[in-house]
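*Asks:* Have a look at the structure that comes next, please.
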Amino acid sequence: MKRILLILCVAAACVAQAATAFPDLGNARIIVLANNLQNYYINYDESSRPSYDDEQGLTVKTQRIVSMMVASNADIFAFCEVEAKPASLDRLVSEINKQLGSEVYASVYDGMNIATDSYDNAIKSGFIYRLATVEPYGSNYATTSTTYYKQVMRIQAWTEKATGERFTLSMNHFKAKSDAASRAKRVDNANWLVSGLNSSSKVKDPDILIMGDLNAEMDEDCIDVIENAGYEEQLLRYDAYSYSYIYQSSRELIDHAFANSTMASQITGAAVWHTNTSVSYNARYSDHDAVVVGLRLGEDQGEGFDQTPFPSGEGRGEAYKKIRHGQIIIIRGGVEYTITGQRLY
């Protein structure tokens, strides 16, 4: 059944504003949601990063995020651009549990309690999970030892309680598009990511899902690094026109969900949920949309990425697609037709 996100505007009165319907993720048992929360700070007076500077601003942003979380009914939340202190995720957990009336969710302990320093390590990526369905397996690991990024590139394995099946979730926040040199820095991010995911000491299950704000579209070199390591973009598997961010009226897919082949076979659906780009600026909690992935762990969902039918409708028929660096490859009747230089939305 379709679910509707209600963005609650907290003021003298609460006003509900509808965003797009929650995406169809098939017969998923586990829903994973990743989102850049655009500088969610509890200690807003310690940094110039958040857009609010008082308790009311924090309350409004918190309620909007929690409303999204409740509407998603997700089992795992992977957030980035969150203040690197325990109170940040704990605040969200406290508020969502209060709204649900019981202890439904908990945060994953990561030991971070960092003030702003010369490397601007005041933000992190972190995890919140539903106690009834999943539990963390092993510790929360930094993907890289590089000082600037070890808070924002994290690895956490998970166990599904009902089946005992496991998978590894990698949540990331790559270098922003601040200047021309940032492209090379995102390549560094991708290389550190692949190297970290090749570490048996950090990766506790070989089924790997990569999510997060990579600040890169599909034609960037950093995406090539990830794809060449055997990971496929799952959002484009289900919708070739996916986008998660709007910059100067241009729709961009810079938030991603990549999976290796064994993980991809257990995915029932993946989509961008337009929680922010579809609502007015004053009603948003972030400038990025949420990305959601549905899982049925331990159950093969099909033949894999390279032979996935397009969604029905729009005259696509029984075409098949592969999406690579700067190309859309249509496979029909065993013949490949390549379209180059096309944007993916």
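*Asks:* Between Asp45 and Thr147, what FRET efficiency comes out of the Förster formula 1/(1 + (r/R0)^6) with R0 = 22 Å and r the beta carbon distance, rounded to 0.05?
*Replies:* Step by step, r from the Cβ atoms, then E = 0.30.
*Asks:* Highest first, please rank the peptides 272-285, 162-175, 72-85 by the mean number of other Cβ atoms sitting within 10 Å of their residues.
*Replies:* 72-85, 162-175, 272-285
*Asks:* Now for a different question. In Å and from the alpha-carbon atoms only, list the Rg and Dmax of the range 65-156.
*Replies:* For the range 65-156, the Cα radius of gyration and maximum Cα-Cα distance read 13.5, 41 Å.
*Asks:* Read phi for every residue in the range 169-179 and hand back ³J(HN,Hα) as whole Hz from Karplus 6.51 cos²θ - 1.76 cosθ + 1.60, θ = phi - 60°, with x for Gly and Pro.
*Replies:* Per-residue couplings from phi come out as 10, 10, 10, 9, 9, 7, 3, 6, 7, 8, 7 Hz.
*Asks:* Excluding ligands and nucleic acids, what accessible area in Å² is computed for Glu227 using a 1.4 Å probe, to the nearest 10?
*Replies:* Glu227 exposes around 30 Å² with every protein chain in place.
*Asks:* Hey, can you rank 32-39, 181-188 by average C-beta count inside 10 Å, highest first?
*Replies:* 32-39, 181-188
*Asks:* Okay, moving on. HN-Hα J couplings of the range 143-158 from phi, Karplus 6.51/-1.76/1.60, θ = phi - 60°, integer Hz, Gly and Pro as x?
*Replies:* 5, 10, 8, 4, 3, 5, 10, 5, 7, 9, 10, 10, 10, 9, 8, 9
*Asks:* Here's another thing I want to ask about it. Through the Karplus equation 6.51 cos²θ - 1.76 cosθ + 1.60, θ set to phi - 60°, convert the phi angles of the range 282-288 into ³J(HN,Hα) values in whole Hz; use x for Gly and Pro.
*Replies:* After applying 6.51 cos²θ - 1.76 cosθ + 1.60, I find 6, 9, 7, 9, 7, 9, 10 Hz.
*Asks:* Let me ask something else about it. Going down the table (Lys98/Lys124; Lys150/Lys175; Lys61/Lys98), which pairs top 20 Å between alpha carbons?
*Replies:* Over 20 Å Cα-Cα: Lys98/Lys124.
*Asks:* Another one. Between Phe22 and residues 5 or more places away or on another chain, which pairs have amide H atoms under 5 Å apart, with H built 1.01 Å from N, and which residues are they?
*Replies:* Arg3, Ile4, Leu5
*Asks:* Between beta-carbons, use under 10 Å as the cut-off and find the net charge around Phe167, counting Lys and Arg +1, Asp and Glu -1.
*Replies:* Computed value for this residue: -2.
The values are calculated or read from the model by the stated rules, or taken from the named source; none is laboratory data. Given the structure is predicted, the values throughout are model-derived calculations rather than measurements. Counting neighbours? That spans all protein chains shown, and the Cβs are built from the backbone with ideal geometry, glycine included. What goes into the accessible areas is simple: the full protein's heavy atoms, side chains included, and nothing from ligands, DNA or RNA. Shrake-Rupley method; radii C 1.70, N 1.55, O 1.52, S 1.80 Å.
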